[in-house]
Amino acid sequence: MPRIPYGRQHIDDDDVRAVAEALRSDFLTTGPRVGEFERAVADFSDARFGVAVSNGTAALHAAMFALNIGPGDEVIVPPMTFAATANCVLYTGGTPVFADVDPDTLLIDPARVEAAITDRTKAVIGVDYTGQPCDWNALNRIADRHGLATVADGCHALGASLDGTKVGTLADMTVYSFHPVKHVATGEGGMILTDDEALDERLRNFRNHGITTDARTREESGAWFYEMHDLGYNYRMTDIQAALGSSQMKKLDGFLKRRRSIAARYDREFAGTNVRPLGIRPDADHAYHLYVVRIPNRDAAYARLREDGIFAQVHYIPVHFHPYYREHLGTGEGLCPVAEAAYTEILSLPMYPDLTDDEQTYVIEKVLEAACA
Ligand SMILES: *Cc1c(COP(=O)(O)O)cnc(C)c1O
């Protein structure tokens, strides 16, 4: 019996060598390899600045800090995402406000965003869910009209683009995760991209206890001097992780190519069946972190696939269904009907570069069987 997960990392000898080199160097925590990795990801995404942090959740937290989100502020988020997208607003004392998703793509619906805006709204976080960019043209227009900041939770979307513009510059800040199931693995890791120098500086201070990195302050007062201006955290990335990240970045084009070819085959084989992939916007170039389908009798199909050694997943339980949100924000059924209905039907099928053609043949056969059962 095979054992096929929904996602996993690809690590080769070059990656192992890169990490071993870092281990033998002078730097274990943040050193030159972190800067190199930041440059590689920012350049790949056509962004000016990249700030590496310890994980994607820390990156979202840093973005909320950089925007000064605090008590009384509202930030609009989609429900169809990992909890961290909304949790980051709570970390800085703000209130996440859920705006429902589009039924075809399950991306945040710009019309629902506009309807959710109040005089307390400060920002919108769009999630480029499954690896497809949100309708950033519409979201940015709304944000401009109402004076809001935009943040892309691009944790699924490294390598995606919209109308030829890469994810990384479509919002004021873009957040990536380097968790092993994502496109590029560093063990744990995250990054915030921005074109804005002031945001870049706030993000850098925040990941290092809020201690200023301003060279002028140091020169004026002697090299040992430093000052803490904000209550930051230790969210630094290590050189060990960055070494792995830079080595993985060299393979990213190949990873994306393989993910897209796996998706194209799923698309072909499921066409005209009752296994229905999510819609794709015509202007989107999809990065396929996930391949999500709607399938009849989802719970039974999930269980049946497990018996066949196929470990599909559900992305996601709507965030506003989690007990914490029900208890603390009074959310629940009926708040986002589109996401709630989709949640009962969706299943993420195996999608990772090392999935073989034979494995995919087996997955397709079993998924079609499960859908007809
Ligand atoms: C993975 C992920 C995160 C969190 O990233 P971590 O590195 O696991 O902290 C946030 N948002 C989305 C949409 C994700 O998929």
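Values in this text are rule-based calculations from the coordinates and carry no lab data. Keep in mind it's a predicted model, so treat the numbers as computed, not measured. With ideal geometry, Cβ positions are generated from the backbone for all residues, glycine too; neighbour counts draw on all protein chains shown.
Points worth noting:
- Backbone phi angles across segment 162-179, fed through the Karplus curve with coefficients 6.51, -1.76 and 1.60 (θ = phi - 60°), yield HN-Hα couplings of 10, 6, x, 9, 6, 4, x, 10, 7, 10, 4, 9, 10, 10, 10, 10, 10, 4 Hz in residue order; Gly and Pro are listed as x.
- Rg/Rh ratio calculated on Cα atoms of the chain (Kirkwood radius): 0.98
- Acute angle (nearest 10 degrees) that the helix 197-206 long axis makes with the longest principal axis of the chain, alpha-carbon atoms: 90 degrees
- Residue by residue, segment 237-245 carries 3J(HN,Hα) couplings of 8, 8, 5, 5, 5, 5, 4, 5, x Hz when phi is fed to the Karplus relation 6.51 cos²θ - 1.76 cosθ + 1.60 (θ = phi - 60°); x denotes Gly or Pro.
- Restricting segment 82-148 to trypsin sites (Lys or Arg not before Pro) in coil, as DSSP defines it, with at most 15 other Cβ within 10 Å: R120
- Exposed GluC sites (Glu not before Pro) absent - longest run of the chain, DSSP non-H/G/I/E/B, at most 12 other C-beta within 10 Å: 1-226
- Between the amide H of G210 and those of G232, Y233, distances stay under 5 Å, these residues lying 5 or more places away or on another chain, with hydrogens modeled in the peptide plane.
- Length released on extending from Y226 to D43, taking residue separation times 0.36 nm less the Cα-Cα span: 62.8 nm
- Between the helical axis of 136-146 and the longest alpha-carbon principal axis of the chain there is an angle of about 50 degrees.
- Qualifying trypsin sites (Lys or Arg not before Pro) for segment 11-107 [loop in DSSP, other Cβ within 10 Å: at most 15]: R24, R48
- Compared with the dominant Cα axis of the chain, that is its longest principal axis, helix 357-372 is turned about 60°.
- Hull shadow area, averaged, segment 244-373 [alpha-carbon convex hull, nm²]: 10.5 nm²
- Sites D357 and A300 - FRET efficiency at Förster radius 22 Å, r taken between beta-carbons, to 0.05: 0.20
- Using only side-chain charges placed at the Cβ, +1 for Lys and Arg and -1 for Asp and Glu, the dipole size of segment 148-203 relative to its Cα centre rounds to 300 debye.
- The helix-only estimate of mean residue ellipticity at 222 nm for the chain, built from DSSP H runs of length n ≥ 4 each weighted as -39500 (n - 2.57), is -12000 deg cm²/dmol after division by the residue total.
- Between R145 and R24, the simple spin-label model (points 7 angstrom out along Cα→Cβ) gives 6.0 nm.
- Neighbour net charge for D299 - beta-carbon separation under 14 angstrom, K R +1, D E -1: +2
- Using the Cβ-Cβ distance between K250 and D196 with R0 set to 30 Å, the FRET efficiency works out to roughly 0.60.
- Within a Gaussian network of the chain (alpha carbon springs, distance under 10 Å), most fluctuating of D283, D128, D26: D26
- Remark on Y291: its backbone amide H falls under 5 Å from those of L349, a criterion applied only to residues 5 or more positions apart or on other chains, H modelled at 1.01 Å from N.
- Evaluating 6.51 cos²θ - 1.76 cosθ + 1.60 at θ = phi - 60° for every residue in segment 99-107, the Karplus couplings come out as 10, 5, 9, 6, x, 7, 9, 6, 8 Hz, glycine and proline recorded as x.
- Close amide H partners of D73, meaning residues 5 or more places away or on another chain with modelled amide H under 5 Å apart, are T95.
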